[in-house]
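The values are calculated or read from the model by the stated rules, or taken from the named source; none is laboratory data. Keep in mind that what you see is a predicted model, and the values were worked out from it rather than measured. Neighbour counts are summed over all protein chains in view; Cβ atoms, including those assigned to glycine, are modelled from backbone coordinates with ideal geometry.
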Amino acid sequence: MRKYIIPALLILMTMAACNQTHKSPFSRKVADYALVTLETPDLSGITDNGKEVLNLYRFIADEVDAIYWEQFFGNKEALMNEIEDPDQKTFAQINYGPWDRSTGKSFVRGYMNLHPGAHFYPFDMTAQEYAAYDNPDKNSPYTLIRRADDGSLETVWYHDAYKEHIDKIANYLTAAADITIKPSVKKYLLAKAEALRTDNYYESAMAWLDMDDSKMDLVVGPNEAADDQLLGLKRSYEAFVLLKNEARTEELMKYVSRIAEFQQDLPGDPAYKTFQPGAGSNIFSCNALYYAGKANAGVKVIALNLPFDSDVQRDRGTRTILLENVIKAKYNHIIYPTGVVLLDTDDTEHLSSDAFFWNIVFREVAHGLGVKETINGEGSVEDALGSAALTFEEIKANAAGALLVCKLQNHYDIRNIFTKEDALATFFVSLVRSERFGEGSVLGRANIIIYNYLEEAGAFKRKESGKYEIDFAKMESALSDLTALVLKTQATGDKAFANYFENSYSKRSENYAADLRNLGLENIPADIRFK
């Protein structure tokens, strides 16, 4: 029998070698995004008309997805046809292009690294050329800057650049408006159709905030400017199809009337926290049915605070939306396992899904606090700080949000049973895992800055074992100091300091590489993607 065993072993060894030889170098990168199936919300309370509206919302989201591919990268089909490796193709679909969003580096042969202006501006446009371009529309969040036939700059409105898709979306919105039995929904859908055709979003944003009696929600449009890391101006298309958890929403809404109290609870000079959002603000708890466009690219958001229009925020307020099923998926797949790997045994006791949820709630609330206009005539915070405004806004929201939860828990003011230490430990774990998003993303950069600031303040120490030990008192104090610093920078529009601070604190420390290695050994993903 021996003469048969040897060839069999050779065959097995050869097969193993072939498998190792042909294993894609992108399999690990894809595995960093855990494939999850979102828990399907209960649709029993939705009428047949409502389900038909939901179906139209899905069609709208698909068109938004197509726009975003064009907006951020260009021709999706051409890119996909270039890539043969299935894992590399999946990674390109996750990132909506040939660039790893955590680093900005190209991973497809023939493509340069990601331009900080993405696809919003000509790649060869200089700062001097843009400054000299005399067209007020160039600074609109809803225009592209392109080369004219003679090589000069020209402005193209979104609704013209993506007209074919916009027309389809508007038709779907109108069809949904004809079907719905809710007057507030009908008003919003028609207003949104008009907004997308004209790139004038004020009225549709007001109508959206008034639409508080529907079990379903559709967030659609160019919302965030996070992709524009050149000037921080241009907004990206995205869509969320959502189903409201009415019981949880009722619980959250009691905090809306306390916005002014939360504003005053923030540290620092009262002059730096004078913005008061309109009385129409609300907080919804929803389950996500569908993500599209920017919302689905790379890291999946778990909460929203919209609209970004400061005029709407002043006149009516904002809506904070917590995406319950996505929050739960991230906690189960990422936050808790990360905490077990990184925290001392004593501190792992403080990991809490409730704390994670409420940290997210007040992170989004904090987006509406501080100021929107500088106090010294430098214009809006966005105009004054330029591209640094995006990073500082994320720092503010994360630091101030955790601080507010601590303040509320000092008085047991949140009904769920968790402690201030639970909130801080869970916040820290989320902070460390978010560093994995890298300096190439606004969110990753903001969390790296917070980590470095807290480390400098002695809020934690990393032991030789690789486990972190948290000093909760120092962490709370450091978060207070950082929040005050960010509020001051935003209010004074101090761009020079903002750039200095960002450059000084946005480099990942040596601890990061060791943490990344430990998390990789345990196969803990950086984020999730949806089936």
Q: Check off (1) in contact (Cβ under 8 Å) with a residue 40 or more places away in the chain; (2) closer than 27 Å to residue 479 by Cα for residue 287 and give me the number that stays unchecked.
A: (2)
Q. Can you tell me which residues in the range 115-138 are in a helix (DSSP H, G or I), more than 20 Å from residue 198 (Cβ to Cβ) and of a type outside the set (S, T, N, Q)?
A. 127, 129, 130, 131, 132
Q.
Exactly one condition in (1) within 21 Å of residue 233 (Cβ to Cβ); (2) outside any helix (DSSP H, G or I); (3) not aliphatic (A, V, I, L, M) is false for residue 150; which is it?
A. (1)
**Q.** Subset of the range 502-517 that is part of a helix (DSSP H, G or I) and out of contact with any helix residue (DSSP H, G or I) (no Cβ under 7 Å at 6 or more places or on another chain) - its residue that is modelled with the lowest pLDDT
**A.** 513
Q: Answer yes or no as to whether residue 319 is closer than 19 Å to residue 480 by Cα, buried (at least 22 other Cβ atoms within 10 Å of the Cβ) and either modelled with pLDDT of 95 or more or touching a helix residue (DSSP H, G or I) at 6+ places or on another chain (Cβ under 9 Å) (or both).
A: no
Q) Name the pairs: first residue in the range 141-170 and more than 17 Å from residue 201 (Cβ to Cβ), second residue part of a loop (DSSP other than H, G, I, E, B) and among the acidic types (Asp, Glu), Cβ to Cβ under 9 Å, at least 6 apart or on different chains? A) 147/124
Q: Give the number of residues within the range 397-451 that are more than 14 Å from residue 335 (Cα to Cα), modelled with pLDDT under 95 and of a type in the set (S, T, N, Q).
A: 6
Q: Consider only pairs whose beta carbons are under 8 Å apart and that are at least six residues apart or on different chains; among these, list those whose first residue lies in the range 233-251 and is among the acidic types (Asp, Glu) and whose second residue is part of a loop (DSSP other than H, G, I, E, B) and surrounded by fewer than 17 Cβ atoms within 10 Å (Cβ to Cβ).
A: 251/415
Q: Go through the range 139-153 residue by residue and tally those that are buried (at least 17 other Cβ atoms within 10 Å of the Cβ) and either farther than 15 Å from residue 195 by Cβ or touching a helix residue (DSSP H, G or I) at 6+ places or on another chain (Cβ under 6 Å) (or both).
A: 5
Q: Give the residue that is farthest from residue 323 (Cα to Cα), with candidates limited to residues of the range 371-383 that are crowded, with 16+ Cβ neighbours inside 10 Å, in contact with an Asp or Glu (Cβ under 9 Å, 6 or more places away or on another chain) and not charged (D, E, K, R).
A: 374
(Q) If the requirement is being surrounded by fewer than 22 Cβ atoms within 10 Å (Cβ to Cβ) and either touching a residue at least 12 places away in the same chain (Cβ under 8 Å) or not hydroxyl-bearing (Ser, Thr, Tyr) (or both), which of these qualifies: 461, 396? (A) 461
Q: Would you mind telling me which numbered condition in (1) under 16 Å from the mean Cα position of the chain (by Cα); (2) within 23 Å of residue 476 (Cβ to Cβ); (3) assigned to a loop (DSSP other than H, G, I, E, B) residue 359 fails?
A: (3)
Q: Search the range 409-423 for residues being part of a helix (DSSP H, G or I) and free of Cβ contacts under 8 Å to residues at least 24 places away in the same chain, and hand back the single one that is nearest to the chain's Cα centre (by Cα).
A: 409
Q | All positions within the range 277-307 that are over 23 Å from residue 317 (Cα atoms), among the aliphatic types (A, V, I, L, M) and either out of contact with any strand residue (DSSP E or B) (no Cβ under 6 Å at 6 or more places or on another chain) or in a strand (DSSP E or B) (or both) | A | 289, 292, 297
**Q.** Conditions (1) crowded, with 21+ Cβ neighbours inside 10 Å; (2) modelled with pLDDT under 95; number of the one not met by residue 350
**A.** (2)
Q. Of the residues 74, 50, which single one is buried (at least 20 other Cβ atoms within 10 Å of the Cβ) and not β-branched (Val, Ile, Thr)?
A. 50
